Ligand code: IPE
Ligand code: IPE
Ligand code: MG
């Protein structure tokens, strides 16, 4: 997590709030789990598309800490889908040399999902070119709380001096330690909120909102989002002139 980022022409890290599965299903008279099943197909497409378009890091918001409050049958269906996804896709991740990471309170997932996740993470741990980050039982506020606890323990153990810690030092305690900040965050389904996703890491991210429901999202939508990103000027607090003429920076 670097505080000072540099502008790349294309985003190297995209975060996606995959929203709209329920509405996609409702529009067709299907159950919500059916919408999630269709959403999982869009997830596979997004992973492929990112690799084809040269996006090295993809973070997918798959299940929020608040999503436990949904009806039991829906939570159960989502957990089963996660296991199915890992069982089916781990081979593909290995073949494509994509390293899997998970952010969130993973230990609170059902034991079998947790086990499948650990297995997939271990099986891809040697890769470095491509990264897929699944946000599961994720809450940005819980992440800050967990980071503060971890930081306090390091201070108590005499390992770090709190007066000499900068943001990059503190960020080492976030779930995302070692991963770059997202450059672009996409949310589907027309909602224009962040719903507790990567609040710290998106301090200087560009946002892209689309009406497209997640199960309908494909490579062409991703290309549109990237095209929009290319037209933005990321200033990181500087003036437009400084960005246009870096020698004045
Ligand atoms: C996103 O789709 C998937 C998850 C949050 C797990 P939703 O299930 O939120 O779909 P809508 O918002 O009800 O349409
Ligand atoms: C955010 O979507 C969480 C995920 C995409 C996993 P939600 O559908 O849960 O968000 P809200 O409740 O509409 O803010
Ligand atoms: Mg939703």
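Laboratory data are not the source of any read-out in this text; all were calculated from the coordinates shown. If you're wondering where the values come from, they're calculated on a predicted model, not measured in any experiment. Because the Cβ atoms are built from the backbone with ideal geometry, glycine has one as well, and the counts that use them run over all protein chains shown.
Key figures
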{"read-out": "Gained length - residue 79 relative to residue 218, 0.36 nm times residue gap less alpha-carbon distance", "value": "47.7 nm"}
{"read-out": "Over the range 42-177, relative contact order from alpha-carbon pairs under 8 Å, at least 6 apart, %", "value": "30"}
{"read-out": "Gain in span if fully extended, residue 233 to residue 211, counting 0.36 nm per residue against the direct Cα distance", "value": "5.6 nm"}
{"read-out": "Helical mean residue ellipticity (222 nm; -39500 (n - 2.57) per DSSP H run of 4+; nearest 500) of the chain", "value": "-13000 deg cm²/dmol"}
{"read-out": "Cβ-derived FRET efficiency at R0 25 Å, residue 125 paired with residue 165, nearest 0.05", "value": "0.35"}
{"read-out": "Candidates 202, 139, 150: whichever shows maximal mean-square fluctuation once the chain is modelled as a Gaussian network with Cα springs under 10 Å", "value": "150"}
{"read-out": "Kirkwood-Stokes translational diffusion coefficient of the range 1-92, alpha-carbon pairs, 25 °C, 0.890 mPa s, µm²/s", "value": "164"}
{"read-out": "Residue list for the range 26-50, given a label point 7 angstrom along the Cα-to-Cβ vector of residue 88 and an amide N cut-off under 11 Å", "value": "37-45"}
